[in-house]
Amino acid sequence: MPRLTRITETKRGRYALFLDDEFAFSLDEDTFAAAGLHAGDELTEPAVAELRRKSDARRALDKAMDLLALRDHAAGELYAKLCRRFDPHTAAAAVARVGELGLLNDAGFARRRAAELLRKRKSRREILQDLAAKGIDRETAADALAALMPADGEEDPDLASARALVERQYARKLAEGKTQQVMAALARRGFSHAVIRAAVQPRDPEE
């Protein structure tokens, strides 16, 4: 059986375990205290595996907290990032735990993200693609966009975004008669043909 030959405290407040004089892994303070480990202990292979599992679980949870401290994340996005460093089961458990703590809300994240992208003059299609890339399911993304749609009599956000882009980036090309180039550029951004046609037309002075 492996022997726990040395225990040292790390700069991050974890406890590094050395099995048979070789570094094995580190434990957080709570897990270390609960395990009741001492130098010289002999550990069975199952016991070592369980300690590794607990070590990874805490590290994944700590990483999830660090990522959420930087900015909001959707559950799928957070899971994907954790999978870069941890196995899928450990990553999923960390995501579930932060969800239990009330730190994840995909619907709220989708609404905030969609509103932010709308302010940046993104099209509906671009917004849906961005939300999908963040791990938001199609129904939640659609609901987030629907909540931003205008009331009767208000301008379509897609049209407002397309017009703003035309005025800011493509007015000169329109003035030079390069309408097809402008329409193609707007199409690449995900705007519909109807929105593009309206956006390149002169504005009605009464609007």
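The values are calculated or read from the model by the stated rules, or taken from the named source; none is laboratory data. Here the structure is a predicted model, which means the values were calculated and not measured. In this analysis, Cβ positions are derived from the backbone assuming ideal geometry, glycine residues included, and neighbour counts consider all displayed protein chains. Accessible surface is based on the protein model in full, side chains and every heavy atom, while ligands, DNA and RNA are left aside. Shrake-Rupley method; radii C 1.70, N 1.55, O 1.52, S 1.80 Å.
Please tell me if Asp87 is crowded, with 17+ Cβ neighbours inside 10 Å and in contact (Cβ under 8 Å) with a residue 24 or more places away in the chain. So Asp87 does not fit the description; no. Cβ-Cβ below 9 Å, separation at least six or inter-chain, first residue in the range 20-42 and closer than 11 Å to Leu4 by Cβ, second modelled with pLDDT under 90: which pairs? Cβ pairs passing all conditions: Asp20/Pro2; Ala24/Pro2; Glu42/Met1; Glu42/Pro2. Evaluated against (1) surrounded by 14 or more Cβ atoms within 10 Å (Cβ to Cβ); (2) of a type in the set (D, E, K, R); (3) closer than 30 Å to Met149 by Cβ, Asp41 falls short on exactly one condition, (3).
Highlighted here are the strands (runs of 3 or more DSSP E) found entirely within the range 1-66 that include at least 1 residues which are modelled with pLDDT under 95, among the β-branched types (Val, Ile, Thr) and more than 20 Å from Cys83 (Cα to Cα): 4-9.
In the range 57-79, the residues that are in contact (Cβ under 8 Å) with a residue 12 or more places away in the chain and within 16 Å of Thr90 (Cβ to Cβ) reach residues that are open to solvent by 80 Å² or more (accessible area, probe 1.4 Å) and part of a helix (DSSP H, G or I) with C-beta atoms within less than 6 angstrom, at least six apart or across chains, in these pairs: Leu61/Arg97.
Table: residues versus (1) more than 25 Å from Asp62 (Cβ to Cβ); (2) within 16 Å of the chain's Cα centre (by Cα).
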{"residue": "Ala92", "(1), (2)": "no, yes"}
{"residue": "Leu103", "(1), (2)": "no, yes"}
{"residue": "Asp106", "(1), (2)": "no, yes"}
{"residue": "Glu116", "(1), (2)": "yes, yes"}
{"residue": "Lys120", "(1), (2)": "yes, no"}
{"residue": "Gln129", "(1), (2)": "yes, yes"}
{"residue": "Glu139", "(1), (2)": "yes, no"}
